[in-house]
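Below is one structure, written out as C-alpha cells; comments come after it.
Coordinate-derived values only; no laboratory data. Since we're looking at a predicted model, the values are computed, not measured. FYI the Cβ positions are ideal-geometry reconstructions off the backbone, even for glycines, and counts take in every protein chain you see.
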Amino acid sequence: DAGVIQSPRHEVTEMGQEVTLRCKPISGHDYLFWYRQTMMRGLELLIYFNNNVPIDDSGMPEDRFSAKMPNASFSTLKIQPSEPRDSAVYFCASAIGGNQPQHFGDGTRLSIL
Amino acid sequence: AQTVTQSQPEMSVQEAETVTLSCTYDTSESDYYLFWYKQPPSRQMILVIRQEAYKQQNATENRFSVNFQKAAKSFSLKISDSQLGDAAMYFCACDNAGNMLTFGGGTRLMVKP
C-alpha cells in the first residue's frame, strides 16, 4: 500500500509568495495531521482533521497559514504571504483512528528566501 | 497541556551493544498513549513502538523494548544488539485522548562500528 504522499519534496521561494503544500493520506485513514519541524521548536502540531473536518487548529501560527481538506484523499496547507521564518520541514501524517499510530509522509522542506 | 522531555541530546553505542534512551512526560490525562519514532537522515518519521498507558506490560518490537513507569511518568526505549541502521534521531511522543501528539526534543543516536 502507498504511504502518505506529500508534494513537493522541496520548495524554494521568495518571501511574499504564496506557498501550497499538498498531502494525500493513506486510503481509509480518517485522521490527517499537519506538523512543522524546525531546529528551534522541534516538531509541532499545526492542525488536524477528522473525517475532513478541522478539529483543532490551535497550533497554526497565524492567519497567514490555512489548511483545507476538501475530500478524504487530499489536503493542502497554504502560507500567504510567506516569510523567511516559515522555513521548515512540513510533515503530513494520517491515522486510521483516534490515538492510533500516525503514519508520516516524507515531508516538504520549505525555504523562504 | 502536556510536555515531553528527552534529557539526552546525543547518545552513542557500540555496534551489537545495548543502549537506553530516556523520556519523561507530563500529562493530566488518565488515558493516553506513548510512542517512539525514529527519524533517519532521510527525514522519514518511522514508528518504532507504541504503549497504551492503561497496559502495565511493557511493549516490545523485536530488538526494541520500553520501560514504562507510569507513576514516575517515564518511558525509556531500549535498543538491543544495536545495528548501524539504528543511527538516527529518536523522538518520544505522547498522545492524549484528544489525538494530539506532543513530541520531545529528540535524541541523536550514533552507532559505532
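Data table
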quantity	calculated
For the range B:89-95, 3J(HN,Hα) per residue [Karplus equation, 6.51 cos²θ - 1.76 cosθ + 1.60, θ = phi - 60°, Hz, x = Gly/Pro]	8, 10, 10, 8, 9, 10, 10
Environment charge of A:Met15, counting only residues whose C-beta is closer than 14 Å and scoring Lys/Arg +1, Asp/Glu -1	-3
Spin-label proximity, B:Lys70 to the range B:1-29 - amide N less than 15 Å from point 7 Å beyond Cα toward beta carbon	B:27-29
Electrostatic dipole magnitude of chain A [Cβ: Lys, Arg +1; Asp, Glu -1; Cα centre; debye, to 20]	180
In the range B:1-98, trypsin sites (Lys or Arg not before Pro) in a DSSP loop with at most 12 other beta-carbon atoms within 10 Å	B:Lys55
Hz values of 3J(HN,Hα) by residue in the range A:95-101 - Karplus curve (6.51, -1.76, 1.60), Gly and Pro given as x	9, 6, x, x, 6, 8, x
30 Å Cα cut-off, lysine pairs counted over the protein assembly as shown (separation 8 or more, or different chains)	16
